[in-house]
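Structure, as structure tokens:
The values are calculated or read from the model by the stated rules, or taken from the named source; none is laboratory data. Because the structure is predicted, anything quoted here is derived from the model rather than measured. Heads up, the Cβs are rebuilt from the backbone with ideal geometry, glycines too, and the neighbour counts pull from every protein chain shown. For the accessible areas, the whole protein counts, side chains as well, though only heavy atoms, and no ligand, DNA or RNA atoms are used. Shrake-Rupley method; radii C 1.70, N 1.55, O 1.52, S 1.80 Å.
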Amino acid sequence: MTERRMMLELQVNGEKRAVSVRAADTLLDVLREELGLTGAKPGCLTGDCGACTVQVNGIPLKSCVMLAVEAAGSSVKTIEGLNNRRLQEEFIRQAAFQCGYCTPGFLMNIDALQSACPNADAQVIREWVESNLCRCMGYLEIEAAIRSVMTGTAGNHRE
Ligand code: FES
Ligand code: FES
């Protein structure tokens with residue numbers, strides 16, 4: 001039996017895209033397999049780790065648990081389309097990653113936080129990113145990078 005497919009139209013990183021999808025495809029499947037955007041990572045595939053986080057209409061969402069068809073007509077931003085130099089450079093400056101598998105998800109989530117809540121305090125920041133998990137490191141460097149970007153200071157986790 002042939003699989004039923006349908007056309008999905010959406011904007012991805014500012015470009016109009018039309019792609020053939022199956023009803024059960026997740027947004028993560030389509031981004032990675034149909035559009036070749038592999039920055040959003042498959043981790044748990046159950047919505048728990050945040051490695052697959054992208055922004056849909058500016059809202060950070062786990063693309064592994066969102067059906068692609070639910071994104072019809074939406075504007076999707078992935079790590080490939082992120083242009084937040086300050087945030088990206090701060091992660092490098094603070095060495096806030098080891099293998100980097102979790103990093104795209106963190107960056108997409110924090111970028112959304114900067115827009116939604118630019119004055120977020122430490123508690124809000126912690127709660128905002130608590131659904132992003134990192135298996136390699138403690139969160140000190142990551143927290144320091146986020147705090148530094150959010151407050152506009154150039155702190156260091158060792159300070
Ligand atoms: S892969 Fe989507 S939340 Fe873990
Ligand atoms: S740096 Fe490896 S999972 Fe976070």
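Scanning segment 5-32 for residues that are open to solvent by 10 Å² or more (accessible area, probe 1.4 Å), in contact with a strand residue (DSSP E or B) (Cβ under 9 Å, 6 or more places away or on another chain) and closer than 15 Å to P104 by Cα yields a total of 1.
Yes/no per residue for (1) free of Cβ contacts under 8 Å to residues at least 60 places away in the same chain; (2) within 10 Å of the chain's Cα centre (by Cα); (3) assigned to a loop (DSSP other than H, G, I, E, B):
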site: K16; (1), (2), (3): yes, no, no
site: S20; (1), (2), (3): yes, no, no
site: D29; (1), (2), (3): yes, no, no
site: K41; (1), (2), (3): no, yes, yes
site: L45; (1), (2), (3): yes, no, yes
site: Q55; (1), (2), (3): yes, yes, no
site: L87; (1), (2), (3): no, no, no
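Quick one: would you say A51 is touching a residue at least 40 places away in the same chain (Cβ under 8 Å), within 15 Å of ligand 1 (Cβ to nearest atom) and in contact with a helix residue (DSSP H, G or I) (Cβ under 7 Å, 6 or more places away or on another chain)? Considered against the rule, which asks whether it is touching a residue at least 40 places away in the same chain (Cβ under 8 Å), within 15 Å of ligand 1 (Cβ to nearest atom) and in contact with a helix residue (DSSP H, G or I) (Cβ under 7 Å, 6 or more places away or on another chain), A51 comes out as yes. Among the conditions (1) farther than 30 Å from T153 by Cα; (2) assigned to a loop (DSSP other than H, G, I, E, B); (3) without any contact (Cβ under 8 Å) to a residue 12 or more places away in the chain; (4) not β-branched (V, I, T), N83 misses just one, which is (1). Does L35 satisfy the criteria of being crowded, with 16+ Cβ neighbours inside 10 Å, of a type in the set (A, V, I, L, M) and out of contact with any helix residue (DSSP H, G or I) (no Cβ under 9 Å at 6 or more places or on another chain)? Considered against the rule, which asks whether it is crowded, with 16+ Cβ neighbours inside 10 Å, of a type in the set (A, V, I, L, M) and out of contact with any helix residue (DSSP H, G or I) (no Cβ under 9 Å at 6 or more places or on another chain), L35 comes out as yes. Considering segment 110-125 alone, what residues qualify as being within 16 Å of the chain's Cα centre (by Cα) and open to solvent by 40 Å² or more (accessible area, probe 1.4 Å)? Within segment 110-125, Q114, S115, A116 qualify.
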